[in-house]
Amino acid sequence: MNKEPLCRDIAGEGCGLKKVLDLVGGKWKILILCVIDYNEVVRYGELRRTIHGITSTMLSHSLKELEADGLVSRIQYDEMPVRVEYQLTPNAKSLIPILLQLKRWGEDNL
């Protein structure tokens, strides 16, 4: 069996795995998605308190990227003080079972 074309597909520009890693790669995005999934709707302060070690700058930057990539929706209410809530989009919800499987693998094997 010739694996050469498959290797290019796995690491190449059109690779689905590469696209997913581009969206959720890094130290924090998967954790952010899982916390939002667990709580269904979450505010910034809750995320900041729940995800140990994340800085405000990194949380803000990651949330903006997740929103721009269509994985998180941001709802800002016209109140004072301003209230902002985050929830997962349908695309992100379909990714959660895969991320939770990775979590279980880590708990079982690392």
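The table for this structure:
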| item | result |
| --- | --- |
| Condition check for LEU100: among the hydrophobic types (A, V, I, L, M, F, W, C) and modelled with pLDDT of 95 or more | no |
| Selected residue (criterion: nearest to the chain's Cα centre (by Cα)) from residues of segment 51-72 that are part of a loop (DSSP other than H, G, I, E, B) and touching a residue at least 24 places away in the same chain (Cβ under 8 Å) | LEU71 |
| When residues of segment 73-100 are limited to those that are assigned to a helix (DSSP H, G or I) and surrounded by 13 or more Cβ atoms within 10 Å (Cβ to Cβ), the one farthest from the chain's Cα centre (by Cα) | LEU100 |
| Those residues of segment 59-110 which are hydroxyl-bearing (Ser, Thr, Tyr) and closer than 15 Å to ASP37 by Cα, in sequence order | SER73, TYR86, THR89, SER94 |
| Selection within segment 11-49 - of a type outside the set (A, V, I, L, M, F, W, C) and surrounded by 18 or more Cβ atoms within 10 Å (Cβ to Cβ) | LYS29, ASP37 |
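The values are calculated or read from the model by the stated rules, or taken from the named source; none is laboratory data. Just so you know, these numbers come straight off a predicted model, no measurement behind them. Glycine gets a Cβ as well: all are built from the backbone with ideal geometry, and neighbour counts include every protein chain shown.
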